[in-house]
């Protein structure tokens with residue numbers, strides 16, 4: 001617990017410094033603790049230390065840990081599968097990884113069935129890596145323009161991932177491009193769209209992400225390993 005507290009304090013201080021560089025405060029940035037490598041007891045310790053937002057990339061793990069820590073805000077950050085949406089939609093605070101129009105339709109269909117709304121982020125493949133999921137930046141405007149057709153889906157911003165091989169400064173152009181894309185589109189009127197979140201930055205580059213405008217950072221190994 002003490003080691004976890006020490007790491008959390010260091011991360012919070014780093015976020016505060018980075019936020020100041022972008023003219024914001026740490027309160028403007030959500031630390032999303034990624035618990036995919038830790039057990040429920042460790043996640044509970046993080047909750048006791050004040051973390052309220054947790055992310056999982058596998059549906060079964062998310063459901064398992066959510067049942068144990070139901071008062072936390074749980075986020076789905078992993079690649080989505082249509083057959084798993086029944087265990088995600090209506091149960092999570094925010095889906096970060098909506099990566100296609102087909103998936104948007106599937107999420108909306110499930111949310112309508114539950115008579116609820118589903119909050120999502122659009123995953124954008126800024127880096128252009130072929131193996132990576134996400135919408136190409138040139139296609140984002142068209143997707144946003146079509147979301148009015150999906151009444152039970154609410155889009156609250158964008159998510160991206162820098163190449164796993166990039167560290168710190170190497171990720172900066174990726175994050176800057178997503179920020180600029182959001183700035184370009186945020187004053188257009190799209191139905192069911194409010195571009196308030198940028199989910200970008202992980203353990204190896206979260207400070208640079210915050211400097212470039214991230215307001216959700218997804219941190220696992222820097223906190224738990």
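Consider segment 133-150. How many of its residues are within 23 Å of residue 89 (Cα to Cα), surrounded by fewer than 16 Cβ atoms within 10 Å (Cβ to Cβ) and either touching a residue at least 12 places away in the same chain (Cβ under 8 Å) or touching a strand residue (DSSP E or B) at 6+ places or on another chain (Cβ under 7 Å) (or both)?
Initial filter on segment 133-150 (within 23 Å of residue 89 (Cα to Cα)): 133-135, 140, 143-150.
Okay, now just the ones that are also surrounded by fewer than 16 Cβ atoms within 10 Å (Cβ to Cβ), so 145-146, 148-149.
Cutting the leftovers down to either touching a residue at least 12 places away in the same chain (Cβ under 8 Å) or touching a strand residue (DSSP E or B) at 6+ places or on another chain (Cβ under 7 Å) (or both) gives us 145-146, 148.
Total satisfying the criteria: 3.
With the checklist (1) part of a loop (DSSP other than H, G, I, E, B); (2) more than 23 Å from residue 137 (Cα to Cα); (3) under 19 Å from the mean Cα position of the chain (by Cα) in hand, flag the one item residue 116 doesn't pass.
Looking at each condition in turn, residue 116 falls short on (3).
Take residue 5 and tell me if it is surrounded by fewer than 20 Cβ atoms within 10 Å (Cβ to Cβ), touching a helix residue (DSSP H, G or I) at 6+ places or on another chain (Cβ under 9 Å), under 16 Å from residue 201 (Cβ atoms) and at pLDDT 95 or above.
Details: surrounded by fewer than 20 Cβ atoms within 10 Å (Cβ to Cβ): yes; touching a helix residue (DSSP H, G or I) at 6+ places or on another chain (Cβ under 9 Å): yes; under 16 Å from residue 201 (Cβ atoms): no; at pLDDT 95 or above: yes.
Here the answer is no, as residue 5 does not meet what is asked.
Here is a check on your reading of the model: is residue 117 within 23 Å of residue 189 (Cα to Cα) and surrounded by 15 or more Cβ atoms within 10 Å (Cβ to Cβ)?
Details: within 23 Å of residue 189 (Cα to Cα): yes; surrounded by 15 or more Cβ atoms within 10 Å (Cβ to Cβ): yes.
So residue 117 passes the test.
Consider segment 149-171. How many of its residues are modelled with pLDDT under 95 and over 17 Å from the mean Cα position of the chain (by Cα)? Please lay out each step first, then the result.
Start the filter on segment 149-171 by keeping residues that are modelled with pLDDT under 95, which leaves 161-171.
Then keep just the ones that are over 17 Å from the mean Cα position of the chain (by Cα); that gives 165-170.
So the answer is 6.
Could you check residue 186 against (1) within 23 Å of residue 101 (Cβ to Cβ); (2) in contact with a helix residue (DSSP H, G or I) (Cβ under 9 Å, 6 or more places away or on another chain) and say which number it fails?
For residue 186, the failing item is (2).
Tell me which of these residue 142 doesn't satisfy, since it passes every other one: (1) within 28 Å of residue 73 (Cβ to Cβ); (2) modelled with pLDDT of 95 or more.
(1)
Select, from 177, 211, the only residue that is in contact with a helix residue (DSSP H, G or I) (Cβ under 9 Å, 6 or more places away or on another chain), more than 15 Å from residue 125 (Cα to Cα) and surrounded by fewer than 24 Cβ atoms within 10 Å (Cβ to Cβ).
Values: 177 fails: more than 15 Å from residue 125 (Cα to Cα).
Answer to the selection: 211.
Counting only residues that are under 17 Å from the mean Cα position of the chain (by Cα) and farther than 11 Å from residue 88 by Cβ, which one in segment 44-60 is modelled with the lowest pLDDT? Talk me through it step by step, then tell me what you get.
The first filter runs over segment 44-60 and keeps only residues under 17 Å from the mean Cα position of the chain (by Cα), leaving 51-59.
Now restrict to residues that are farther than 11 Å from residue 88 by Cβ: 51-55, 57.
Working: 51: 98, 52: 98, 53: 98, 54: 98, 55: 98, 57: 95.
Selected residue: 57.
Which numbered condition in (1) at pLDDT 95 or above; (2) surrounded by fewer than 19 Cβ atoms within 10 Å (Cβ to Cβ); (3) touching a helix residue (DSSP H, G or I) at 6+ places or on another chain (Cβ under 7 Å); (4) closer than 19 Å to residue 200 by Cβ is the only one that residue 127 fails?
(1)
If you check 175, 158, 190, which single one turns out to be assigned to a strand (DSSP E or B), touching a residue at least 24 places away in the same chain (Cβ under 8 Å) and over 26 Å from residue 6 (Cα atoms)?
Numbers: 175 fails: assigned to a strand (DSSP E or B); 190 fails: assigned to a strand (DSSP E or B).
None of the others qualify; the one that does is 158.
Would it be correct to say that residue 70 is more than 27 Å from residue 37 (Cβ to Cβ) and at pLDDT 95 or above? Let's see the steps before the verdict.
Numbers: more than 27 Å from residue 37 (Cβ to Cβ): no; at pLDDT 95 or above: yes.
No; evaluated as a whole, the condition is false for this residue.
The values are calculated or read from the model by the stated rules, or taken from the named source; none is laboratory data. The shown structure was predicted, so the numbers you read here are calculated from the model rather than taken from an experiment. Cβ coordinates were reconstructed from backbone atoms using ideal geometry, including for glycine residues, and neighbour counts include every protein chain displayed.
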